[in-house]
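The values are calculated or read from the model by the stated rules, or taken from the named source; none is laboratory data. Worth saying up front: this structure is predicted, and the values here are computed from it rather than measured. As a convention, Cβ positions derive from the backbone with ideal geometry for all residues, glycine included, and neighbour counts pool all protein chains shown.
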């Protein structure tokens, strides 16, 4: 037992360090700040020639759906406002030509990249359900820090050869 004591102390020390280390600070995308107004955000988006393609209300929150933000594989961004105060940003990534395997690989690589930046995420959902002929899969991870949480999801719905696939990142003010 005495010869294992140094290994046990080293293992406990490393475990304490890894749980205390959370990596970089999770920042609000596009250099925005939580609490910004919808008008200020729209003014900023105009400068990069992005366009609001839809305005809607979801669960009593104003949502701006934006396309044209110049970032590789970024299809659209949803900006959520509580009382005209930015509270969440949802980014949708992908490529219409990708199959399920390419989406899964992109999801895994994205998760590893986020783990490397912010520390290990935790699984918050992993489920497969069938509604009639539609097979739905949802996988999600979460990283939480003092002012921002980040969630990564992969959603697929498949019916025969038809499919819908969405990889999304959800930044939320805490």
Which numbered condition residue 86 fails, given (1) under 18 Å from residue 166 (Cα atoms); (2) in a strand (DSSP E or B): (1)
If you take the residues in the stretch 16-53 that are touching a strand residue (DSSP E or B) at 6+ places or on another chain (Cβ under 9 Å) and closer than 16 Å to residue 116 by Cβ, which one is modelled with the lowest pLDDT? 22
Could you figure out which of (1) out of contact with any helix residue (DSSP H, G or I) (no Cβ under 8 Å at 6 or more places or on another chain); (2) over 24 Å from residue 32 (Cα atoms); (3) modelled with pLDDT of 95 or more isn't true of residue 97? (3)
State the number of residues belonging to the stretch 123-152 that are under 21 Å from residue 29 (Cα atoms) and either outside any loop (DSSP other than H, G, I, E, B) or in contact with a strand residue (DSSP E or B) (Cβ under 9 Å, 6 or more places away or on another chain) (or both). 11
Residue 111 meets each of (1) assigned by TED's automatic domain parsing to the domain that holds residue 174; (2) in contact (Cβ under 8 Å) with a residue 24 or more places away in the chain; (3) within 15 Å of residue 170 (Cα to Cα); (4) part of a strand (DSSP E or B) with one exception, condition (4)
Could you check the stretch 75-91 and list, in sequence order, the residues that are surrounded by 17 or more Cβ atoms within 10 Å (Cβ to Cβ) and under 26 Å from residue 136 (Cα atoms)? 76, 77, 78, 79, 80, 88, 89, 90, 91
Taking the stretch 78-103, which residues are without any contact (Cβ under 8 Å) to a residue 40 or more places away in the chain and in contact with a strand residue (DSSP E or B) (Cβ under 6 Å, 6 or more places away or on another chain)? 78, 80, 82
